[in-house]
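In what follows, a structure is listed as structure tokens, so that the remarks can point back to it.
Please treat every number below as a calculation from the coordinates, not as lab data. Quick caveat, the model's predicted, so the values are computed rather than measured. Cβ coordinates were reconstructed from backbone atoms using ideal geometry, including for glycine residues, and neighbour counts include every protein chain displayed.
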């Protein structure tokens, strides 16, 4: 079982320290978020307290993607990895970073285990002021740390294997042991003991979409494109494609296609459609990716196509989704370029 562990928490919580304790327990390589940040931050006059320019994170994101691409292309098949991420809930850039790492996990067919490291405000302020942090170009702003702790929450990806771990009174060794136990429980299939730590829970149901669900489908698709596809396409392409999935546009598509949704409780977390012999509009919420939702939708669409007598199914795949379809048995027929939008026509014999 290949493993990606993602340690998430505010600056100063001890992500790297815990990662170093956890590494020998999992025989895993540690990839700290400052691996991605510091090559860029070293170019600035950063004192650890002055706010950094917002645009700088676009460059660190490119470094992160290059490292993840190298892992996917050249990482040993049995290699485990521990990543760190200072993600904030409700922040689009934080979610995009999570999706980058989750995407690499999917491509490597690795088990992704997100861990939210929580700490009370006073202890976090004490830790963030440690002088050794400055040597690694880490934030040492105690005031900013306190404000963030009061006003924000650590990113919650609502993934089924998420562990919420309060490390306020825990040593790094004890924290690593708790994470290790959590991972062993997952590997053993002891999901009942993990229920309180899960993010999105509940059975996935695949249903035909109703017209009164068009607005929710539109919101799901647009958000997924902006988050999941953002690292593969320029912003102008993203916004042009997003514009094709307004509420009114989705209503129009439902007139001419069979549309399904994946529902988890009261929430729509995925959608797919069949247009003749072509699969279209397969999207899964970033919060629900990696949980088998996309595969369940594809199985439903393929079953409907077989029942309709279709022998070969086609799908226009984005650069982001190309590997997903390949794992399901779809072969690439040709590449299609529309300006800066690069897609791939893929097909699969189903009968």
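Tabulated data for the structure shown
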| read-out | value |
| --- | --- |
| DSSP bridge pairs, the chain: antiparallel proportion in percent, nearest 5 | 60 percent |
| Burial ranking of peptide ranges 83-94, 2-13 (average Cβ count within 10 Å, highest at the top) | 2-13, 83-94 |
| Crossing angle, helix 56-74 versus the chain [Cα axis fit, 0-90 degrees, rounded to tens] | 70 degrees |
| Value in Å of the Kirkwood radius, where region 204-349 supplies the Cα pairs that are averaged | 15.4 Å |
| Sequence-separation-based contact order of region 204-349, relative, with Cα cut under 8 Å and 6+ spacing, percent | 22 percent |
| Centre separation in Å (Cα based) which lies between region 6-20 and region 217-248 | 32 Å |
| Degrees separating the helix 247-256 axis from the principal Cα axis of the chain, which is the longest one | 40 degrees |
| Relative contact order (%) - the chain, alpha-carbon pairs under 8 angstrom, separation at least six | 16 percent |
